[in-house]
Amino acid sequence: METLILTGWGWHDYACAAAVVLRKYPEADIKGMSMGRLPSCLKDISENKTNSYKNIIILGIGWRGEPDEILITLKKLKKQGSEVVWISCLPFPERLPKEITKQLNIQVDDNDLWLTQLTANFYQQECQDLLPMLENKPKGKALAWKLLLDTAMFYYRSYQNPNVYADAIKMLAQGSNVFTDKQKEMIEHYKRFGKRELKGSSPAIIKLRGIIDKVGPKDKGRVLIQGESGTGKETVAIQLHFKSPRAKEPMICFNCATLSTQLLESGWFGHSKDAFTGATKERKGVFLEADGGTLFLDEIGELPLEAQGALLRVLQESRFQRLGDLKEFEVDVRIIIATNRNLAQMVQEGKFREDLFHRLCVIPIQVPPLREYIEDIEEIANHFWFEWHKRKLSSEQTAVLKTYHWPGNVRELHNFLERADILEEDDFAKLLKEHIAITNPSSNTPSAEVENLEEVTRQHATKMLEKYAGNISKTAEAMGITRNTLKKHIKEEGT
């Protein structure tokens, strides 16, 4: 291939711009690329002695890294005969030396054009069919393409599969919305699980992702996911399943708190027709439905002792009998369990069987509460907001969100943003005061008896300062506020 297209992730405009270039160079290679990975990618190409790229086209990706190293790489590429074209709707970064610009063919525009339009103008290609994808509410073919792109980006983020993104861009370039069976299957998977991603780049979330990456492929180990309500325990379970060898098999979710003791065994193991009054048809049960795949048992701490014995037996033997059926069924399922309760303490209190606890707790995973990675609130909130509005929140709005400790965790944050969306309320400070009054946090949370946002902010600032050992700079950075604003809150706390 003589042409390489490097395009960004996350914005449909990047993909559409890449599709425009592909119409100019139909045989080009395509790679999704981030700002952090761009310098190393170019360096790898420059060090490849068989580099055959005459055109390297960078679409909308910013520059990060050591300026001297970037310059050396670009000079080497130019010497090898590779023209590097950089197309962006933003000006070239002022922090980078002008010498770098001499190594690039730079195409920028400040006329409020989409990157797709700017790219189409430069390469003299049509893009009118792609522009509807960039609207807030696309329809018809544009909606189908958008869904395909969202699916492709999800597969890259969750399963490190970059080829799906390149294939989606090729569909756009060809103007086709006739998807393959494989693409349809991936789209259905995205519809079900695509919104269930772990967002954030804090040490806490990076550590959690690392555990998931390590544990997911280990097929047999039972996992106990613990964490407060709303932290995303089911999301962790989904990630574990789809990083495992069972990813193509079913994942069945079952909430142990939804059925009475009498109906739990029927829900788990199923029953034959006429097994009891009202059993008008056969039921498989979730263990059989999940056979070969993963069974996620949520709220395991709510299981009554009688049902715990039945669960222990099937875990020990991997076989069971259905109600009203003498036949034994053997199943192969990976068990993932979640709870917001302290099972070890429940064992001590006689509320949970010790033998079952040890059967379940082979690999414990603790999901942190949102207050422990408050620095990720901006990224998490913008993920929700962009999905609804195709734009990010203002810095003032995200600063307000960081002043609250969110006892209901990510679920509560999502509900707050949904309320703001429905009410079309941009004043988050006002809305947060109302939210606190409505939700009435329990007495063990830091804001239990506060009556206004200012008091919440003061208490939270003090708590965060303690977390960062009195370091004002680190605390202010974590909260997304200035040092002076933090000092103001601390001063008010002491008055």
Q: Taking the options 68, 129, 109, name whichever one is charged (D, E, K, R) and modelled with pLDDT under 90.
A: 109
Q) Just checking, which of 241, 189 is touching a strand residue (DSSP E or B) at 6+ places or on another chain (Cβ under 6 Å), surrounded by 13 or more Cβ atoms within 10 Å (Cβ to Cβ) and in a helix (DSSP H, G or I)? A) 241
**Q.** Whichever residue in the range 314-353 is among the basic types (Lys, Arg) and touching a helix residue (DSSP H, G or I) at 6+ places or on another chain (Cβ under 7 Å) and, among such residues, is surrounded by the fewest Cβ atoms within 10 Å (Cβ to Cβ)
**A.** 341
Q) Any residue at all in the range 299-315 that is over 20 Å from residue 259 (Cβ atoms) and in the same structural domain as residue 272 (by TED's automatic domain parsing)? A) no
Q.
Looking only at the range 19-35, count every residue that is over 11 Å from residue 61 (Cβ atoms), outside any strand (DSSP E or B) and of a type in the set (A, V, I, L, M) and tell me the total.
A. 5
Q.
Go through the range 82-106 and report how many residues are of a type in the set (A, V, I, L, M, F, W, C), at pLDDT 90 or above and surrounded by fewer than 17 Cβ atoms within 10 Å (Cβ to Cβ).
A. 1
Q: Just need a number here: residues in the range 159-199 that are in contact with a Lys or Arg (Cβ under 8 Å, 6 or more places away or on another chain) and closer than 26 Å to residue 382 by Cα.
A: 5
Q | From 5, 56, 72, residue being of a type in the set (Val, Ile, Thr), under 17 Å from residue 170 (Cα atoms) and out of contact with any Gly (no Cβ under 6 Å at 6 or more places or on another chain) | A | 5
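The rows are residues; the columns are (1) closer than 30 Å to residue 210 by Cβ; (2) assigned to a loop (DSSP other than H, G, I, E, B); (3) without any contact (Cβ under 8 Å) to a residue 60 or more places away in the chain; (4) within 22 Å of the chain's Cα centre (by Cα).
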position: 95; (1), (2), (3), (4): no, yes, yes, no
position: 100; (1), (2), (3), (4): no, no, yes, no
position: 112; (1), (2), (3), (4): no, yes, yes, no
position: 116; (1), (2), (3), (4): no, no, no, no
position: 121; (1), (2), (3), (4): no, no, yes, no
position: 145; (1), (2), (3), (4): no, no, yes, yes
position: 149; (1), (2), (3), (4): yes, no, no, yes
position: 155; (1), (2), (3), (4): yes, no, yes, yes
position: 165; (1), (2), (3), (4): yes, no, no, yes
Q. Residues in the range 196-210: is at least one in contact with a strand residue (DSSP E or B) (Cβ under 8 Å, 6 or more places away or on another chain) and exposed (fewer than 13 other Cβ atoms within 10 Å of the Cβ)?
A. no
Q | Considering residues of the range 175-186 that are hydrophobic (A, V, I, L, M, F, W, C) and outside any helix (DSSP H, G or I) only, the residue nearest to the chain's Cα centre (by Cα) | A | 179
Q) Pick from the range 416-460 the residues that are within 17 Å of residue 396 (Cα to Cα) and of a type in the set (Val, Ile, Thr): which of them is modelled with the lowest pLDDT? A) 456
(Q) I need the full set of residues from the range 349-396 which are of a type in the set (Phe, Trp, Tyr) and either touching a Phe, Trp or Tyr at 6+ places or on another chain (Cβ under 9 Å) or farther than 30 Å from residue 223 by Cβ (or both), in order please. (A) 385, 386, 388
Q. Is there a residue being among the hydrophobic types (A, V, I, L, M, F, W, C), crowded, with 20+ Cβ neighbours inside 10 Å and closer than 23 Å to residue 94 by Cβ anywhere in the range 65-72?
A. yes
Q: Can you confirm whether the range 48-62 contains a residue that is within 29 Å of the chain's Cα centre (by Cα), within 17 Å of residue 7 (Cα to Cα), part of a helix (DSSP H, G or I) and touching a residue at least 40 places away in the same chain (Cβ under 8 Å)?
A: no
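Each row is one residue, and each column tells you yes or no for (1) buried (at least 16 other Cβ atoms within 10 Å of the Cβ); (2) in contact with a Cys (Cβ under 9 Å, 6 or more places away or on another chain); (3) among the charged types (D, E, K, R); (4) in the same structural domain as residue 438 (by TED's automatic domain parsing).
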site: 355; (1), (2), (3), (4): no, no, yes, no
site: 359; (1), (2), (3), (4): yes, no, yes, no
site: 377; (1), (2), (3), (4): yes, no, no, yes
site: 380; (1), (2), (3), (4): yes, no, no, yes
site: 386; (1), (2), (3), (4): no, no, no, yes
site: 395; (1), (2), (3), (4): no, no, no, yes
site: 411; (1), (2), (3), (4): no, no, yes, yes
site: 417; (1), (2), (3), (4): yes, no, no, yes
Q.
Can you say whether residue 10 is under 15 Å from residue 169 (Cβ atoms) and outside any helix (DSSP H, G or I), as far as the supplied structure shows?
A. yes
Q.
Quick test for you: out of 172, 224, 198, pick the one residue that is in a helix (DSSP H, G or I) and not hydroxyl-bearing (Ser, Thr, Tyr).
A. 172
(Q) Given the options 49, 79, name the one that is basic (Lys, Arg), modelled with pLDDT of 90 or more, over 30 Å from residue 148 (Cβ atoms) and surrounded by fewer than 19 Cβ atoms within 10 Å (Cβ to Cβ). (A) 79
Q.
All but one of (1) under 20 Å from residue 221 (Cα atoms); (2) charged (D, E, K, R); (3) free of Cβ contacts under 8 Å to residues at least 24 places away in the same chain hold for residue 328; state the number of the condition that does not hold.
A. (1)
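The values are calculated or read from the model by the stated rules, or taken from the named source; none is laboratory data. If you're wondering where the values come from, they're calculated on a predicted model, not measured in any experiment. Cβ: placed from backbone, ideal geometry, glycine included. Neighbour counts: every protein chain shown.
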